[in-house]
Amino acid sequence: MKRVLLLTWLCLAANSIYSIKIGISHNYTTVSRPTTTESTEPTLPASTEAFSSISPFLEATSTPGNTFPSRKNQKAKATVAPSTASPTLQAKTQSLNSTEAPPSLPTFEGSRHFYCSCDLLLDTCDLNCCCDTDCVPETRQVFNCIPSSFLPQLQSRLEDFQYTHGLPTCQINDGWLCVFRSTANPSKTHLQIASFDTSHYFKWSDYLDVYETDSAHSGSSVLHYKLGQPLQLWQPETRQLETFELPAAYESSSCQLKQSIWHLKPIKTICKMKDSSQLQESLWGILNLTSTYHLLPKPRDLEEQEVKGLVVRVCQREEDKSLHCLEPGNETQLDIIADKVDFILIHNFTNILEAQLVLEEAKLSADDTLPLWLQYTVQFIALNDSPAKPTSGPLGYLQGAPLIFSRILSQNNSESTPIFSYFQNTKGFHWLSLPSRKLRSRRCQRKLDHKEVLRFGVDSLTRCHLTQAAPQLQVHKNHTEYCQDLQAKIWRQLLPHDCSHLDQVDKMFVSQLGRPEPDKWIPMEVRYPENNQEMPPPVQAVYNEETQLLSCQNIFLTVGYEVHVADQTLMEGRAPHQQVLQNIRLVLGQRHDLEFDTSEMEVSLPLSMSVMFYRMQRTALSGASRLGLSGHVVILAFLYRGVPFILLQLQSLS
């Protein structure tokens with residue numbers, strides 16, 4: 001007992017979080033157990049046959065319609081003396097573990113419901129299948145029958161295993177425990193469907209259809225293009241119709257195939273070139289195609305005699321992202337080596353309205369051994385299409401989706417409905433970017449990239465260092481400005497976008513829904529733990545003339561974001577289990593006083609930002625936990641100087 005308690009204490013003592021020790025003293029008296037040489041073995045039957053034919057149930061439970069099967073004549077049980085019990089038990093154990101067939105095998109003929117899982121051949125005796133009715137008794141005597149303890153399904157019917165917990169029927173195995181009569185309902189037989197129609201089921205698409213230029217769906221409609229239909233090119237002089245194709249790669253980086261441009265499906269292909277001459281040759285091939293062929297705004301109608309196509313305009317993208325388009329027929333004046341070819345197709349969802357070929361000049365390096373890449377892209381832009389607004393879910397937030405932030409715009413009338421920048425400026429940055437560390441350094445950096453933003457349900461902790469030039473200490477200089485600028489740079493790393501002061505956080509709002517609505521926004525709450533009723537004191541600078549040291553007081557270096565989430569049912573019950581934001585807090589860390597050393601040229605400050613999500617139903621969303629007494633209780637027991645102690649460990653989970 002002492003070893004078990006000591007082992008338990010050693011295994012679990014390392015996980016202690018918050019402990020309560022309760023010591024209880026007990027007086028233990030050692031009780032000696034009496035030893036005896038008497039045999040406690042049970043009474044065994046005199047022979048193997050008497051042991052195998054046990055039937056605790058008598059015919060008193062039978063009915064005229066249900067009688068027990070025929071039994072062998074039972075022999076009288078004999079009481080074995082204690083001195084001869086051990087040899088008999090050893091012989092019985094050898095008989096049960098033996099793989100030899102019993103001397104008298106049962107006969108299975110005449111049972112219509114008999115089930116034999118090893119009977120695989122019809123009208124043929126299967127080897128080592130003792131329940132095969134095609135095997136004569138003489139044949140089964142040479143088999144090594146598998147005991148029922150390994151494969152119990154070989155000695156009973158399938159129905160017995162479904163309704164009687166694996167017990168065989170007495171007709172097959174008349175043992176000491178068998179089923180004589182079953183009151184279970186017979187299994188239902190489901191009707192088989194004669195003709196099963198699979199036309200309304202999803203099937204694998206034939207991927208070879210994309211290589212067929214004259215497929216059936218290409219001419220399904222002459223009024224407009226359909227989604228996924230190949231675009232067509234028309235040669236006015238030869239009146240030749242072709243499919244608009246671009247080079248494509250297959251099983252290698254080199255483009256050796258042709259890929260059709262499908263309606264409303266953007267394409268991006270990257271091809272590896274051998275040298276600049278091959279790059280120039282590919283470019284001239286594209287220019288030759290667009291100068292001699294016209295792009296049909298809709299599929300060709302064979303009944304129309306006059307075919308009108310669109311001329312693909314060739315443009316060059318400058319370094320400032322502006323476009324310089326050439327006049328039709330002057331494509332030969334373009335003497336550049338381009339590594340990016342963009343096809344921009346303006347459409348109204350049915351027809352192509354305008355087509356542009358935009359080239360971007362390649363920046364070739366002096367090293368000829370570096371590989372060259374040619375990139376093809378196809379973009380479909382709808383006419384009068386407004387810029388898309390970012391969303392984070394169909395209605396509520398999805399796990400891992402970015403949170404949508406917006407700034408409230410200033411209004412002259414305070415009573416009017418607030419206007420958010422999310423609905424006015426669609427090109428703005430509507431997320432909370434998280435600071436990160438530069439490679440091979442610990443310096444803080446913050447990018448306006450939607451890939452590195454605060455995401456729903458994802459807890460995070462970021463630590464980095466902010467570098468700043470040391471202040472120039474002078475006697476009559478106002479050093480408060482330096483401390484305020486330092487705090488402003490810290491806030492630009494820790495606060496939302498375009499916020500350099502705590503007063504600007506009051507104008508930041510977060511969408512409650514993943515798909516923002518005008519009236520579903522919540523303000524960001526700033527919490528100052530030292531005094532929730534007031535704002536923190538302003539930044540101050542204290543300069544000591546004797547020691548010539550500058551101290552910046554009331555500096556914040558850490559913040560934490562707390563997001564409260566609830567599971568709600570929206571749209572009058574039609575949208576259950578939607579993750580909706582209930583509250584968001586910006587919790588300030590401790591205030592610090594920074595004292596600068598005049599010998600240092602650069603100042604490095606450690607910054608920290610944490611993000612935690614909490615469910616309003618008090619269940620952890622993504623690792624966020626609370627300390628409480630509702631956690632697991634681990635009981636540890638150990639001995640100290642012969643006296644047992646019990647250690648209760650409370651571990652909080654949520």
In region 359-496, lysine pairs closer than 23 Å at Cα, eight or more apart or cross-chain: 11
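Contour minus end-to-end for residue 323 and residue 568, with contour as 0.36 nm per residue of separation and end-to-end as the Cα-Cα distance? Numbers along the way, then the final one.
Values: separation 245, 0.36 × 245 = 88.20 nm, distance 4.90 nm.
So the chain would gain 83.3 nm between residue 323 and residue 568.
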Compute and list, largest first, the equivalent-ellipsoid semi-axes of region 288-370 from the alpha carbon gyration tensor, each √(5λ) rounded to a whole angstrom. 31, 14, 12
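When the Kirkwood hydrodynamic radius is evaluated over all pairs of different C-alpha atoms of region 424-565, what value in angstrom, to one decimal, is obtained?
Details: mean 1/r = 0.0565 Å⁻¹.
Hydrodynamic radius (Kirkwood, Cα only) of region 424-565 equals 17.7 Å.
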Mind listing the phi-derived Karplus ³J(HN,Hα) values for region 130-143, rounded to whole Hz, using 6.51, -1.76 and 1.60 with θ = phi - 60°, and x for any glycine or proline? 6, 9, 6, 6, 7, 8, 6, x, 5, 5, 5, 6, 9, 7
Using a Förster distance of 56 Å, the FRET efficiency for residue 547-residue 375 (Cβ separation, nearest 0.05): 0.35
For region 259-317, accessible area per residue (1.4 Å probe, heavy atoms of protein chains only), Å²: 54 Å²
Carbon + sulfur, % of accessible area of region 229-291 - ligands and nucleic acids excluded, 1.4 Å: 48 percent
Amide proton proximity set for residue 273, modelled H, under 5 Å, gap of 5+: 372, 373, 374
How would you classify region 439-506 from its alpha-carbon gyration tensor, with a ≥ b ≥ c the square roots of the eigenvalues: rounded for a/c under 1.5, else prolate if a/b is greater than b/c, otherwise oblate? oblate
If all Cα-Cα distances of region 239-307 are sorted into 10 Å bins from 0 onward, what percent lands in each bin, rounded to whole numbers? 15, 42, 29, 11, 2
Gyration tensor (Cα) of region 493-595, equivalent ellipsoid semi-axes in angstrom: 40, 12, 10
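What does the accessible area per residue of region 340-480 come to in Å², with a 1.4 Å probe and no ligands, DNA or RNA counted? Walk me through the intermediate numbers first.
Numbers: 8310 Å² over 141 residues.
Per-residue accessible area for region 340-480 comes out at 59 Å².
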With each label point set 7 Å from Cα along the Cα-Cβ vector, what nm distance links residue 275 and residue 465? 4.9 nm
So which trypsin sites (Lys or Arg not before Pro) in region 421-479 are both in a DSSP loop and have at most 14 other Cβ atoms within 10 Å of their Cβ? 427, 438, 440, 442, 447, 451, 477
So who's got an amide H within less than 5 Å of the one on residue 263, skipping anything under 5 residues away but keeping other chains? H placed 1.01 Å off N, in plane. 228, 229, 231
What are the ³J(HN,Hα) couplings of region 373-378, residue after residue, when phi is run through the Karplus curve with 6.51, -1.76, 1.60 and θ = phi - 60°? Round to Hz, x for glycine and proline. 10, 10, 10, 10, 9, 10
Scan around residue 443 for amide H atoms under 5 Å from its own, H built in the peptide plane at 1.01 Å from N, and keep only partners 5 or more places away or cross-chain. 438, 465
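Work out the P(r) tail for region 377-483: percent of alpha carbon pairs separated by more than 20 Å, whole number. Before the final figure, lay out each step's value.
Working: 3680 of 5671 pairs.
That tail contains 65 percent of the Cα-Cα pairs.
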Can you compute 3J(HN,Hα) from phi for each residue in region 524-529, using the Karplus curve 6.51 cos²θ - 1.76 cosθ + 1.60 with θ = phi - 60°, rounded to whole Hz and x for Gly and Pro? 7, 8, 9, 10, 9, x
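The values are calculated or read from the model by the stated rules, or taken from the named source; none is laboratory data. The shown structure was predicted, so the numbers you read here are calculated from the model rather than taken from an experiment. No Cβ is skipped: glycine too gets one built from the backbone with ideal geometry, and neighbour counts run over all protein chains shown. Quick note on the areas: whole protein, heavy atoms, side chains included, nothing else; ligands and nucleic acids left out. Shrake-Rupley method; radii C 1.70, N 1.55, O 1.52, S 1.80 Å.
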